[in-house]
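Before anything else, here's the structure in question.
Each reported figure results from applying straightforward, stated rules to the coordinates on display, with no laboratory input. Keep in mind that this is a model prediction, so the values were computed, not measured. Reconstructed Cβ throughout: ideal geometry from the backbone, glycine too, with neighbour counts over all protein chains shown.
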2 protein chains.
Amino acid sequence: MDYDFIPQRVYEGSVGVVQTHHADFDSPLQLRGGGVLPAFRLAYETYGTLNADHSNAILICHALSGDAHVAGYHTDDPSEPPGWWDEAVGPGKMFDTGRYFVLCINVIGGCRGSTGPASESPDGQPWGLRFPVLTVYDMVQAQARLLDRLGIQRLYATAGGSMGGMQALEWAVSFPERVANVLFIASTPRSTPMNIALNETGRQAIYADPNWNGGHYYSGQAPDAGLSVARMIGHISYLSDPSFERKFGRRFQAGTEPRYAFETDFAVEGYLQHQGEKFVRRFDANTYLYITKALDYFDITEGYGSYEAAFAHVTSTQFLIVTFESDWLYPAGASEQLAAALRRVGREVEYHHVQADGGHDSFLVEVGSMLRIVGGYLA
Amino acid sequence: MDYDFIPQRVYEGSVGVVQTHHADFDSPLQLRGGGVLPAFRLAYETYGTLNADHSNAILICHALSGDAHVAGYHTDDPSEPPGWWDEAVGPGKMFDTGRYFVLCINVIGGCRGSTGPASESPDGQPWGLRFPVLTVYDMVQAQARLLDRLGIQRLYATAGGSMGGMQALEWAVSFPERVANVLFIASTPRSTPMNIALNETGRQAIYADPNWNGGHYYSGQAPDAGLSVARMIGHISYLSDPSFERKFGRRFQAGTEPRYAFETDFAVEGYLQHQGEKFVRRFDANTYLYITKALDYFDITEGYGSYEAAFAHVTSTQFLIVTFESDWLYPAGASEQLAAALRRVGREVEYHHVQADGGHDSFLVEVGSMLRIVGGYLA
């Protein structure tokens with residue numbers, strides 16, 4: 001089965017071939033958890049053109065497994081898949097690069113060009129588990145440094161799905177004067193204990209892999225087996241009962257009869273294994289640990305006690321909040337509570353609940369609804 | 001935190017101290033998947049008294065991690081916890097041992113007294129992965145052998161939650177003359193692709209543990225780390241968003257502030273780790289593999305094509321079907337479809353959907369509702 005079908009490349013409506021940029025920062029970043037990053041690098045991409053008064057910038061924030069490469073291609077090789085949200089960014093798309101200057105930054109702690117646990121520490125060795133514990137707040141602080149350097153004082157919008165939505169929301173609380181609009185999509189204002197349970201189980205799968213070796217594996221075998229299991233757990237939480245039924249049902253990998261064999265028999269098993277194997281080729285296990293920890297610690301009311309208190313000082317930002325019916329990872333209820341609280345303190349909120357059965361991944365899959373909602377909001 | 005609080009032992013309403021029996025079978029068991037068990041042993045317990053015409057027997061079937069020890073105690077040691085469904089079985093309880101002769105049999109493939117992959121094979125070595133692949137059908141065939149030996153031709157009822165419900169239902173299809181009532185509780189008539197995905201991820205966690213060693217570990221270290229992760233995945237699927245919130249919220253293991261440390265910080269993490277560690281002390285990893293495979297293969301319409309066809313010949317059995325609102329592992333919809341199909345072919349069905357937020361585990365937790373529904377049905 002071809003799980004990675006790549007359609008024929010069409011540059012029309014695409015941002016085309018783009019490159020990843022890098023920016024280095026020498027002054028230390030003080031982290032919420034008490035640690036310090038003495039220096040760091042950020043990888044980022046931009047699409048479209050920054051206007052004269054620098055007022056048309058939209059920061060797209062990526063999710064757990066994402067990176068700075070949102071849209072377009074890095075080469076002319078037709079077998080290369082596009083960026084992770086190519087459907088969303090380009091001329092005429094929901095983030096219209098004909099109007100907006102769109103940028104995306106690989107989070108600190110990441111493994112796709114920005115400084116993370118696999119990066120060289122001041123002693124010349126990889127950080128490994130000596131890397132300081134991160135929060136979503138810290139990711140946003142690092143992003144603000146890059147925006148300073150690019151001369152962008154105020155973003156037209158921060159936007160993101162899943163962990164990207166957490167960053168988009170954190171921007172408003174951390175830098176209320178610097179964000180005109182927050183697009184908070186398929187996300188949660190606080191990780192639930194069930195979210196933490198799923199993340200912790202993935203981390204335990206990594207810890208259980210002897211190749212993980214306390215995080216010291218950069219000169220040897222990586223903990224691929226553990227990271228692959230973690231990714232499988234993640235994938236289950238991104239789908240839903242109906243989307244599993246539609247995609248796989250009880251179909252077999254081969255043939256129409258059960259083989260009653262111990263090998264992989266059901267199509268859904270092969271799919272998950274493939275997702276795990278593919279993931280370990282591009283992702284660092286320690287980054288998985290650090291970013292899931294940041295997810296767990298995310299609670300926008302931290303230090304405030306309530307949504308109302310957290311957003312009392314956020315007086316010039318408007319909010320678009322989008323949830324999906326079958327998203328059991330980040331159920332709509334918490335976003336609805338956030339929307340209600342924002343309205344109670346006088347903020348403008350546009351809230352959409354989309355009837356979609358694709359689970360958490362709906363925000364990537366429901367391109368038509370998203371174009372209508374996000375494109376409409378930004379029009 | 002004491003996760004395993006054991007209340008003071010009270011023998012009133014309890015079946016008291018009981019013992020596990022064993023029965024050996026020498027004639028081969030032909031399995032649905034094509035394999036053969038040349039001989040096997042079954043561990044079982046009984047509570048109450050078989051009446052003169054042997055018409056008051058109820059077979060309780062256990063779930064994935066269960067065993068024959070449903071109720072009561074094995075010793076007088078007050079620190080010993082009771083059987084896994086002690087609330088359900090005893091004088092005056094929902095399975096009233098004043099009226100019924102209740103028995104429970106550890107499934108074949110199990111590791112709690114019945115023949116399974118850890119048992120000695122004909123060559124004197126443990127079966128390991130040479131043990132034949134099992135189905136729920138095979139578990140029931142083995143149980144029927146024991147009932148023959150005990151002189152029980154017709155069961156008053158088969159009953160079970162989760163995988164126990166699958167066996168209870170399979171009994172009606174395999175032996176329609178031998179079951180008067182099926183009590184199908186928090187179960188599914190077919191494993192969904194999401195169920196299979198969760199099980200396969202647990203299996204991959206076991207495979208990834210080098211101690212698993214292709215199933216050959218009985219003379220060395222067991223794959224505890226992998227089995228523990230599998231159990232953690234299972235536990236998440238047995239709870240629900242609201243029950244996670246109620247039990248743990250975002251509380252910390254210690255103190256009221258985040259430690260921003262890499263160790264376990266949230267209470268829910270400690271709980272899951274504890275569940276994993278406790279499980280590996282009593283459960284065999286290969287059994288986990290075989291039983292989850294049996295779960296995956298379970299589809300009561302297998303070989304029939306529809307519920308109506310599967311139950312066309314089941315003309316003298318009545319059904320009690322119970323589902324729970326927050327059970328996302330085995331959602332109510334499939335049981336509702338089963339109930340509707342059974343009614344279409346003229347079977348008597350009593351169906352209850354219980355509003356409970358405890359997830360799949362509700363069938364063990366909602367003792368009051370269960371006493372009313374199951375006790376009422378059996379009264």
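What are the aspartates and glutamates whose alpha-carbon lies under 12 Å from the alpha-carbon of B:K278, with same-chain residues fewer than 8 places away excluded?
B:D4, B:D224
Residues in the range A:284-300 near a label at A:S121, defined as backbone nitrogen under 15 Å from the 7 Å Cα→Cβ point?
So the set is A:286-287, A:290.
Separation between the B:R41 and A:R130 pseudo-spin-labels, each 7 Å from Cα along Cα→Cβ, expressed in nm?
5.5 nm
According to the square roots a ≥ b ≥ c of the eigenvalues of the Cα gyration tensor, what is the shape class of the range B:182-325, taking rounded for a/c under 1.5, prolate for a/b larger than b/c otherwise, and oblate for the remainder? Present the calculation step by step, with values, prior to reporting the outcome.
On the way: a/c = 3.02, a/b = 1.49, b/c = 2.02.
Judged from the Cα gyration tensor, the range B:182-325 comes out oblate (a/c at least 1.5, b/c at or above a/b).
Per residue of A:252-260, count partner chain C-beta atoms within 10 Å of its C-beta, then hand back the mean as an integer.
Numbers: counts 0, 0, 0, 0, 0, 1, 8, 4, 12.
Taking all residues of A:252-260 together, the mean is 3.
While we're looking at this one, here's another question. Hey, got the dipole for the range B:1-124? About the Cα centre, +1 on K and R Cβ, -1 on D and E Cβ, debye to the nearest 20?
Details: 6 positive and 16 negative charges, 86 e Å.
My answer is approximately 420 debye.
Can I ask one more? Using a 10 Å cut-off around each Cβ of peptide B:207-220, what is the average number of partner chain Cβ atoms that fall inside?
For peptide B:207-220, the averaged partner shielding equals 2.
Quick one: Cα centre-to-centre distance for the range A:130-147 and the range A:191-210, in angstrom?
22 Å
Given labels modelled 7 Å from the Cα in the Cβ direction, how far is it in nm from B:Q273 to B:R343?
Placing both labels 7 Å along Cα→Cβ, they lie 5.0 nm apart.
Work out the length of the dipole vector of the protein assembly as shown about its Cα centre, built from +1 on the beta-carbon of each Lys and Arg and -1 on the beta-carbon of each Asp and Glu, and round it to the nearest 20 debye. Kindly include the intermediate steps, with their values, before the conclusion.
Values: 54 positive and 86 negative charges, 78 e Å.
Using only the charged Cβ atoms, the result is roughly 380 debye.
Counting each DSSP H run of 4 or more residues in chain A as -39500 (n - 2.57), what helix-only mean residue ellipticity at 222 nm follows after dividing by all residues, to the nearest 500 deg cm²/dmol?
Details: 11 runs with 116 residues, N = 379.
Roughly -9000 deg cm²/dmol at 222 nm, from the helical runs in chain A.
What is the sum of charges, Lys and Arg at +1 and Asp and Glu at -1, for the other residues whose Cβ falls under 11 Å from the Cβ of A:V107?
On the way: positive: A:R112; negative: A:D67, A:D138.
Neighbourhood net charge equals -1.
List the aspartates and glutamates whose alpha-carbon lies under 13 Å from that of A:K93, not counting same-chain residues fewer than 8 positions away?
Reachable aspartates and glutamates: A:E12.
Check cross-link reach from A:K293 to the aspartates and glutamates: straight Cα distance under 13 Å, and skip same-chain residues fewer than eight apart.
Straight-distance partners of A:K293: A:D138, A:E200, B:E263, B:D265, B:E269.
OK, next. Please compute the average number of Cβ atoms from other chains found within 10 Å of each residue's Cβ in peptide A:187-200. Write down the numbers at each step before the final one.
On the way: counts 0, 0, 0, 1, 2, 8, 17, 11, 4, 9, 12, 4, 2, 11.
Across the residues of A:187-200, the mean count of other-chain Cβ atoms within 10 Å is 6.
How big is the range A:1-97 by the Kirkwood estimate over distinct Cα pairs, in Å?
Numbers: mean 1/r = 0.0638 Å⁻¹.
That comes to 15.7 Å for the range A:1-97.
A further question follows. Could you tally the net charge around B:T315, taking each other residue with its Cβ under 10 Å from the Cβ of B:T315, Lys/Arg +1 and Asp/Glu -1? Could you put the intermediate results ahead of the total?
Numbers: positive: B:R347; negative: B:E177.
Charge balance in the 10 Å sphere: 0.
Another question, if that's okay. How would chain A be classified by its alpha-carbon gyration tensor: rounded, prolate or oblate, with rounded meaning a/c under 1.5 and the a/b versus b/c comparison settling the rest? Intermediate results must be reported in sequence, preceding the final value.
On the way: a/c = 1.38, a/b = 1.20, b/c = 1.15.
Verdict is rounded for chain A.
For the range A:160-170, take each phi angle, set θ = phi - 60°, evaluate the Karplus expression 6.51 cos²θ - 1.76 cosθ + 1.60, and give the result in whole Hz per residue in order, putting x for glycine and proline.
x, x, 6, 4, x, x, 4, 5, 4, 6, 4
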